[in-house]
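Rule-based calculations on the coordinates, nothing more; no lab input. What you see is a predicted model; the values in this text were computed from it and never measured. No Cβ is skipped: glycine too gets one built from the backbone with ideal geometry, and neighbour counts run over all protein chains shown.
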Amino acid sequence: MFKKLLLAAATVLGLSQAADAKTFYWVSHGSPADPVWTYFLAGAKQWAKDTGNTVNTSFHNGDVSSQQEAVRAAIAAHADGIATSSPDPGSLVEIAKEAHKAHIPIINFNTPDPKVSFDAYVGGDLVVFGRRWAQYLVDHKLVKAGDFVWMPVEVPGATYGVQEEQGAASVFKPLGITWEVTDNTLDQAEIINRMSDYLTRNKKKINAIIGLGDLVTGSIKRVFDQDGVKPGEIPVIGWGNSLDTTQEVLTGYVNAGTWQDPQATSYLALSLANMAASGIPPGFNILTGAIYEKDTAAVYDKIMSGK
């Protein structure tokens, strides 16, 4: 009889826990083929495992309409909370309003958009990152007035590239330093081809490179090797959320990279969504990210390799 009571109690407890479980949606503008997004996704999966909640994830490869539909689908499904990146400035203004009308918290991560009434933001300040990269080149005397900086990016017009360029421009423009942003794709092989072609045509005028995305910064070694550019010959700084880039920093192809804390970003964004779903509004943002050079690159290399 006692065993039956224990079994009944356990069953009731299990049903109670199942009833308390919530469903969240994690929506990314990125590509599952992009190394950094594997870390963002890992953070979301770890959060689901730790909390017992369900997290439905989706990638949209820079397709704004597809991502808008995904967020609206989450609202229609009466999600307990939504964590989403911003695929394009202003693209989620109306959708965030729809989420709030449905009393669903919507947390922004990875790519901030102040135009949208998100409940909170978790991630780096992209304008600040762009400014820091440009200032790094200036402070280390790697560029000067009259120089030209190449800024390759994966997705044309995407929020992250636009804001990073804005930050860099605030440093370069007053100093008379010019730059060009070139568009690529989310396919690394094609990125390497396009970057190699651009470098071949413009090598003589390029004084430095700022990689506005992980796939482009992580392709520097392959592009340099293909075009006969020696490590350190052209200064490079940019995103560093991949093993490709940590190795490039360690071997001198890239001067410095930025670690965005991708796993923690997803974990914290979902935590804020859960907190808001429980009636505790965040009322604050969480900023992440740090620049690393050769002396500390091994730390991030170890994190990403899972050692």
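Observations
- Per-residue Cβ neighbour rank within 10 angstrom, fewest leading, MET151, MET304, MET275: MET275, MET304, MET151
- Summary value for the stretch 126-259: 25 percent relative contact order, contacts being C-alpha pairs under 8 angstrom separated by 6+ residues.
- Amide H contacts of VAL122 (H built 1.01 Å from N, in plane; Pro and chain starts excluded): ASN108, PHE109, ASN110, ILE286 sit under 5 Å, all sequence-distant by 5 or more or on other chains.
- From least to most packed, judged by other beta carbons within 10 angstrom and beginning with the fewest, SER242, SER196 follow the order SER196, SER242.
- Cβ-based exposure ranking for ASP139, ASP301, ASP63, in which fewest neighbours within 10 Å come first: ASP139, ASP63, ASP301
- Principal-axis analysis of the Cα atoms of the chain puts helix 35-51 at an angle of about 20° to the longest axis.
- Cross-linked pairs LYS49/LYS302; LYS49/LYS101; LYS144/LYS205; LYS173/LYS230; LYS203/LYS294: Cα-Cα separations exceed 19 Å for LYS49/LYS302; LYS49/LYS101; LYS173/LYS230; LYS203/LYS294.
- Put simply, the C-alpha atoms of the chain give a gyration tensor, and the ellipsoid matching it has half-axes of 40, 21, 16 Å, longest first.
- Extension gain, ASP63 back to LYS294 (0.36 nm per residue minus Cα-Cα distance, nm): 79.6 nm
- Beta bridges per DSSP with both ends in the chain, % antiparallel, nearest 5: 10
- Formal net charge of residues neighbouring GLN166 (Cβ-Cβ distance under 12 Å; K, R +1; D, E -1): -1
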